[in-house]
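A short reminder: the numbers here are calculations on the coordinates, not readings from a lab. Only a predicted model underlies this, so the values are computations on that prediction, with no experimental measurement involved. We place every Cβ from the backbone using ideal geometry, glycine too, and count neighbours over all the protein chains shown.
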Amino acid sequence: MLVTVHQLAKAYGYFWALKDLEIRATGGERIALLGPNGAGKTTFLRLLAGAIYPTRGEIRFDDAPLTRQSARERAAVGLLTPGEHLYDNLTARENLGFFLQLYDKEVGPKAIEDALETVGLRRWADEYAGALSSGMKCRLSVAKCQLLKPKLLLLDEPYGVLDGGGVDLLESFLKAQSEQGSVIIIASHHIARVLDLCTRAVILDQGKLIFDETRREPWDSFARAFGAFLPGGNR
Amino acid sequence: MKLVRQTWLLLRKDLLLELRRRESLMTMFFFGALLLFVFNFSFELSPARVGELAPALLWLAFLFTGTLGLTQLFEAERGNHCLDGLLMSPVDRGALFLAKTCFNIVLMVLVELTVMPLFWILFSLPSWRPLPALLLIAFLGTIGFCVLGTILSAATLKARARELLLPLVLFPLMIPLILATIRCMEALLRLGELGDSLPWLRLLIGFDVIFLTVGILIFDWVVDV
């Protein structure tokens, strides 16, 4: 999959959350999306996911523009935000079944069982999502993404609620997905962890792209770019 | 076909959630019944005046009850940002609109089916014969109310004090529908037939068709407000 972002801008009233963003991402890349609070990371993810529409510019998936009518393009994108996009009054199994049908995925009950088993939620399959802890909800979201197999997987602060086992599970899933050609973009403040996983880093500040490089060692330019946000101007 | 399948999928989910929570239906039913009791105690209607005033009271009870349902319409989607989850999925936004409209229609029809006989008893209406026709008119009015209500409920989703804002925006736009429904009901109760209220019935059907079409076409923009 090739994701092309051209001159992307989003305004909320008079406030520009993103300005003239230019990014290209190809299948297999794992991109760390970094920046201070209010940098525009979540807005960027929501634009890519098709939850909101840009004020200016465009997003293309394999040369097809993402528009209001792009049902096929939206189906190729998954957004994982811990505990979100799950119905509290549906069971874990029903949540997965509902979203699979919504995405028109022909998956049998066995696949749902397997996905729940993989994320360690088999015992809680018939519990309401509202009764699950934040970490378990996050695991359920991972199971959802495993079943939907998005070609562009976006993650917004996925580490906050997961325990050690959950983090390992998530990271092995993300590596497997990118090896299958998916583009992964992770917005996080857990810089060391996310840089360890990702193959490229992008830094946003006040809605603008200020750093975009592929990972290499030693990565001095990244340290300098990110150091600007830390007290004293040092990393 | 895809639109119908997606609509059914979303409607089934809403019905299942309502079956588990029973919040909207119970509130609407008790509120509707309560309003009829209040109206009954407040107005000492002679049998001759029942045909004139009762339709307006009945329809007002349905409107207030329905508004309660509308304020709860997207409640399931507000938790855990589920609306975003739906908007990001490949589902047609028209299907989302149709599912929400149908869900509110189902709730209102269930309330109407239980409240209407209560209305008959409370206001001592002489004959049960106009009841089926009255239910049909109420159904047509309910469709129009739910169609426009769903559009405005989605439009005010992110507004502050939306519970106050929604009726303020909704009721002025509903005036043609309210008039048409009451005129048709009044003719049915007084004459036992529509008689010269047929143009009001046409207006009622026209309102339903126009706003249903508009809703399917513009809902994508409405939810993006």
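Criterion applied to B:Leu125, B:Leu217, B:Leu157 was being touching a residue at least 12 places away in the same chain (Cβ under 8 Å), more than 22 Å from B:Leu58 (Cα to Cα) and not in a helix (DSSP H, G or I), and the one residue passing it is B:Leu157. If B:Val4 satisfies every condition in (1) surrounded by fewer than 19 Cβ atoms within 10 Å (Cβ to Cβ); (2) closer than 21 Å to B:Val115 by Cβ; (3) within 14 Å of chain A (Cβ to nearest Cβ) but one, which is the exception? Just one mismatch for B:Val4, condition (2). Of the residues contained in region B:96-112, none is found to be assigned to a loop (DSSP other than H, G, I, E, B), surrounded by 19 or more Cβ atoms within 10 Å (Cβ to Cβ) and over 16 Å from the mean Cα position of the chain (by Cα). The criterion of at least 3 residues that are closer than 30 Å to A:Trp16 by Cα is met, among helices (runs of 4 or more DSSP H) falling completely within region A:36-112, by A:41-49, A:71-75.
When region B:12-26 is filtered for residues that are away from every other protein chain (no Cβ under 12 Å) and touching a helix residue (DSSP H, G or I) at 6+ places or on another chain (Cβ under 6 Å), the ones remaining, listed by number, are B:Ser24, B:Leu25. In region A:121-230, counting only helices (runs of 4 or more DSSP H) that sit wholly within it, the ones holding 2 or more residues that are within 14 Å of chain B (Cβ to nearest Cβ) span A:134-148.
From the set of residues in region B:27-63 that are hydroxyl-bearing (Ser, Thr, Tyr) and without any contact (Cβ under 8 Å) to a residue 12 or more places away in the chain, which is nearest to the other protein chains (Cβ to nearest Cβ)? Among residues in region B:27-63 that are hydroxyl-bearing (Ser, Thr, Tyr) and without any contact (Cβ under 8 Å) to a residue 12 or more places away in the chain, the one nearest to the other protein chains (Cβ to nearest Cβ) is B:Ser42.
Do you know which residues across region A:84-97 are within 7 Å of chain B (Cβ to nearest Cβ), surrounded by fewer than 20 Cβ atoms within 10 Å (Cβ to Cβ) and not charged (D, E, K, R)? Within region A:84-97, A:Asn89 is the sole residue that qualifies.
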